[in-house]
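Before anything else, here's the structure in question.
The values are calculated or read from the model by the stated rules, or taken from the named source; none is laboratory data. None of the values given here were measured: they were computed from a predicted structure. Methodologically, a virtual Cβ is constructed for each residue, glycine included, from the backbone with ideal geometry; neighbour enumeration extends over all protein chains shown. Note: areas computed on protein heavy atoms with side chains; ligands, DNA, RNA excluded. Shrake-Rupley method; radii C 1.70, N 1.55, O 1.52, S 1.80 Å.
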Amino acid sequence: MNDELTIRPFTFSIDLDNCRITDADNHIKRNLTDMKNQYFYQEAYDMMVREDDTLLYEVYEKLVPEKSGELIQGLSIVHPGKVGKEYFMTKGHFHSIIDTAELYLCLKGKGMMVMETPEGEWAVEEMLPNKAVYVPGKWAHRSVNISDTDLMTLFIYPADAGHDYGTIIEKGFRKIVVEENDKPTIIDNPNWNL
Ligand code: PA5
Ligand code: NI
């Protein structure tokens, strides 16, 4: 928690070609083994992990004080690929302060933002370059890459929001995105809440 950090106005640059923030303070990488039990196709997952702990997605962030009023911003890059029929995706989370929203602006690639509320409502929005997705407070969110190139998005959310991964790790999302007949298809997650 860096809520004591002092900052001054700053700028940052997005390297569109290389999918990175050139002057990022943080670079997070998530591999297959960070997503244990999150993919439906368990056999395919185990096989892929044995072969190579594939890099699934990366996040670049600028550091700001993690306190009310400030905004965290960064880039999320989900690489292309599938585990079985299920597309590469982020872990997904609620915010710890659950009623905090988030804005995602897609810069590259093609994806789906899968969302749901604790009450069981769900929504899936398309992510395409220059299209923004507004994730309202209370909605858990996960980015899914449905293309064969990187899915790159700029995200902005309240700096004190925090991440609650626990609920999703335990229950999963109600909907998953899989390839069926060569097309991305939203289906009920057979493993939801098991
Ligand atoms: O807060 C967000 O929603 C993003 O910054 C995500 O953290 C990012 O897209 C990576 O996803 P996750 O945190 O679910 O691993
Ligand atoms: Ni978030």
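Would a scan of segment 89-105 turn up a residue that is crowded, with 23+ Cβ neighbours inside 10 Å, within 17 Å of GLU179 (Cα to Cα) and more than 10 Å from ligand 1 (Cβ to nearest atom)?
No, segment 89-105 contains no residue that is crowded, with 23+ Cβ neighbours inside 10 Å, within 17 Å of GLU179 (Cα to Cα) and more than 10 Å from ligand 1 (Cβ to nearest atom).
Something else about it: Residues being more than 20 Å from the chain's Cα centre (by Cα), surrounded by 11 or more Cβ atoms within 10 Å (Cβ to Cβ) and charged (D, E, K, R): count how many of those fall in segment 1-44.
Final tally of qualifying residues: 2.
Out of curiosity, is PRO184 more than 12 Å from ligand 2 (Cβ to nearest atom) and outside any strand (DSSP E or B)?
Details: more than 12 Å from ligand 2 (Cβ to nearest atom): yes; outside any strand (DSSP E or B): no.
The answer is no for PRO184.
Which residue, of LYS67, LYS36, LYS82, is touching a residue at least 60 places away in the same chain (Cβ under 8 Å) and more than 21 Å from SER147 (Cβ to Cβ)? Break it down stepwise before answering.
Numbers: LYS36 fails: touching a residue at least 60 places away in the same chain (Cβ under 8 Å); LYS82 fails: more than 21 Å from SER147 (Cβ to Cβ).
Result: LYS67 is the single residue among LYS67, LYS36, LYS82 that is touching a residue at least 60 places away in the same chain (Cβ under 8 Å) and more than 21 Å from SER147 (Cβ to Cβ).
It is to be established whether one or more residues within segment 41-56 are aromatic (Phe, Trp, Tyr) and within 21 Å of ALA140 (Cα to Cα).
Among the residues of segment 41-56, not one is aromatic (Phe, Trp, Tyr) and within 21 Å of ALA140 (Cα to Cα), which makes the answer no.
Of the residues that sit in segment 111-145 and are among the β-branched types (Val, Ile, Thr) and in contact with an Asp or Glu (Cβ under 8 Å, 6 or more places away or on another chain), which one is nearest to ligand 1 (Cβ to nearest atom)? Please lay out each step first, then the result.
Initially, segment 111-145 is screened for residues among the β-branched types (Val, Ile, Thr), giving 114, 117, 124, 133, 135, 144.
Keeping just the survivors that are in contact with an Asp or Glu (Cβ under 8 Å, 6 or more places away or on another chain) gives 133, 135.
Details: VAL133: 11, VAL135: 8 Å.
Among those residues, the one meeting the criterion is VAL135.
Looking only at segment 45-86, which residues are of a type in the set (Gly, Ala, Ser) and open to solvent by 30 Å² or more (accessible area, probe 1.4 Å)?
First pass over segment 45-86, keeping only residues of a type in the set (Gly, Ala, Ser): 68-69, 74, 76, 81, 84.
Selection gives SER68, GLY69, GLY84.
Filter segment 154-177 down to residues that are assigned to a loop (DSSP other than H, G, I, E, B) and under 13 Å from the mean Cα position of the chain (by Cα) and give me whichever is farthest from ligand 1 (Cβ to nearest atom).
Residues of segment 154-177 assigned to a loop (DSSP other than H, G, I, E, B): 159-162, 165, 172-174.
Restricting the remaining residues to those that are under 13 Å from the mean Cα position of the chain (by Cα) gives 165, 173.
On the way: TYR165: 7, PHE173: 11 Å.
Among them, the one singled out is PHE173.
Would you mind telling me which numbered condition in (1) more than 16 Å from ligand 2 (Cβ to nearest atom); (2) touching a helix residue (DSSP H, G or I) at 6+ places or on another chain (Cβ under 8 Å); (3) hydrophobic (A, V, I, L, M, F, W, C) PHE94 fails?
Here PHE94 clears every test but (1).
Now a separate question. Suppose we keep only residues that are open to solvent by 30 Å² or more (accessible area, probe 1.4 Å) and more than 28 Å from ASN31 (Cβ to Cβ) within segment 106-130. Which one would you say is farthest from the chain's Cα centre (by Cα)?
GLU119
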